[in-house]
Amino acid sequence: MTKKRTTTLKELANVLDLSISTVSRALNDHPDISPATKEIVKKLAKKMHYAPNLFARGFRSQETHILGVIVPNISHLFTSTILKGILEEAELRGYRVIISESQNNESKQIEMLKTMTQFGVDGILMSLAKKTLALDAILQILNHKPMVLFDKVSDKIPCTQIVINEEEAAFNAVEHLINLGKKRIAILKETENSFNSEKRYTGYLKALKEYHMDIDEKIILSTEDISLKNGSRLTRMLLSLKKRPDAIFAITDNAAIGAIKALHKFNVKIPQEIAVVGFSNSVNSTIIQPALTTVDQPGDKIGRTAVKYLIKEIENQESDEAIKTVEIKTSLLVRDSSFTA
């Protein structure tokens, strides 16, 4: 099989017996090139299926109008809603997008950052991989490329960061349970030093303190992987306590759904005996029975906002003084897992 290849400017120039620069200017409607020459060049380019090399053009002009996006997991539903917002907002503003997945691997994340830089992207949008510790590589690229972090962020990286109001959202969720008369509220969170988990835990503690409720370490449970399976496992631990909780706040919907499954298995009435609240408003939150009360994260808005701030920085070359943390508001969706009519 003959190897397919791309038509180059040089080949067009050879066929027409013109210089490469003349062909290039004709394709770009340069005023110095006559209409007749433009027509001939464009007709041949179409016939030979010529497509401009955006990366090569970018290297010459220092602009590609391409944004690089790096996320931990493309298949994650919440991530997909953010990516949809990124793609739509970038297109509206005349930018293309390259998306890559770090698979929550720090080494791969660094590799992807270097690849994006080599491609000549104008700026980078990134959600950090778990356990991102080696910041030197990120900071080095930040010296050369505008960067905006979203969702999974770090206060040790001096760039604009787009997040939800994690602490306030968690506070509102726990306050909701307190207002229902719940007195002993457990939390299922992450073990590792995760920005999102720590903020939600802070909101949980803040709500308990504000309402003068006891903070009991026995019902503050952590796991490295805050999954459905571990949500179920941690809930079984809570049920084994002599003094059970009467509510569970899980920092992810998966963990909350795992909690509901465990409660069903042990015939615990939800929400009468133990109420459950999750976080993210995943598609499964309405499929599980009872339907899960959860914090709705506007992923589309996060993605659009991240693009707006990155392009503003690319086009205005804003100084370090413009660095900011932008909080996107969430809402609590009250369903049957924490409410009975």
If I take every Cα pair under 8 Å that is 6 or more residues apart in the chain, average their sequence separation and divide by the length, what percent do I get for the relative contact order?
17 percent
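Pairs of alpha-carbon atoms within less than 8 angstrom and 6+ residues apart define the contacts here; what relative contact order does region 191-319 have, in percent? Write down the numbers at each step before the final one.
Values: 138 pairs, mean separation 22.4, N = 129.
That works out to 17 percent.
What net charge do the residues around Asp253 carry, taking every other residue with its C-beta under 13 Å from that of Asp253, with Lys and Arg at +1 and Asp and Glu at -1?
Details: positive: Arg200, Lys261, Arg335; negative: Asp296.
Result for the neighbourhood of Asp253: +2.
For the pair Ser154 and Asp300, what calculated FRET efficiency results from E = 1/(1 + (r/R0)^6), where r is the Cβ-Cβ distance and R0 = 30 Å, to the nearest 0.05?
Numbers: r = 23 Å, r/R0 = 0.78.
My answer for the efficiency is 0.80.
For region 267-311, run through the trypsin sites (Lys or Arg not before Pro) and keep only the ones in DSSP coil with at most 14 other Cβ atoms within 10 Å of their Cβ.
Working: sites: Lys269, Lys301, Arg304, Lys308; in loops: Lys269.
Qualifying residues, ordered by number: Lys269.
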Relative to the longest principal Cα axis of the chain, at what angle does helix 228-239 sit, 0 to 90 degrees, rounded to 10?
20 degrees
Against the longest principal axis of the chain, how steep is helix 299-316, in degrees 0 to 90 to the nearest 10, with axes from Cα atoms?
40 degrees
For the chain, modelled as a GNM with alpha-carbon contacts under 10 angstrom, which of Pro290, Pro31, Pro271 fluctuates the most?
Pro31
Taking K and R as +1 and D and E as -1, what net charge do the other residues with C-beta under 15 Å from the C-beta of Glu111 add up to?
-1
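Convex hull over the alpha-carbon atoms of the chain: what's its volume per residue in Å³? Don't jump to the answer; show the numbers that get you there.
Working: hull volume 61.4 nm³, N = 341.
Output value, Cα hull per residue: 180 Å³.
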Loop-located trypsin sites (Lys or Arg not before Pro) in region 191-251 whose Cβ has at most 13 other Cβ within 10 Å (DSSP):
Lys242, Lys243
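Below 13 angstrom from the Cβ of Lys46, what's the summed charge of the other residues (Lys, Arg +1; Asp, Glu -1)? Numbers along the way, then the final one.
On the way: positive: Lys38, Lys42, Lys43, Lys47; negative: Glu39.
Here the charged neighbours net out to +3.
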Summing -39500 (n - 2.57) over the DSSP H runs of n ≥ 4 in the chain and dividing by its residue number, what mean residue ellipticity at 222 nm do you reach, to the nearest 500 deg cm²/dmol?
-13500 deg cm²/dmol
Evaluate the distance, in nm, between pseudo-label points positioned 7 Å from the Cα of Thr37 and of Ser227 along their respective Cα→Cβ axes.
6.4 nm
I'd like the FRET efficiency for Gln140 and Ala51, computed as 1/(1 + (r/R0)^6) with the beta carbon distance as r and R0 of 41 Å, rounded to 0.05.
0.80
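Before anything else, pin down the relative contact order of region 99-218: Cα pairs under 8 Å, at least 6 apart, normalised by residue count, whole percent. Could you put the intermediate results ahead of the total?
Details: 124 pairs, mean separation 24.2, N = 120.
This gives 20 percent for region 99-218.
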Hey, quick one: spin label on Lys269, modelled 7 Å out along Cα-Cβ, who in region 241-262 has an amide N within reach, i.e. under 17 Å?
244-248
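Let me know the shape class of region 24-151, please: from the alpha-carbon gyration tensor, a ≥ b ≥ c as square roots of the eigenvalues, rounded when a/c is under 1.5, otherwise prolate if a/b is greater than b/c, or oblate. Walk me through the intermediate numbers first.
On the way: a/c = 3.03, a/b = 2.23, b/c = 1.36.
Because a/c hits 1.5 or more and a/b exceeds b/c, region 24-151 counts as prolate.
Read the figures in this text as sums done on the coordinates, not as results from a lab. Keep in mind that this is a model prediction, so the values were computed, not measured. As a convention, Cβ positions derive from the backbone with ideal geometry for all residues, glycine included, and neighbour counts pool all protein chains shown.
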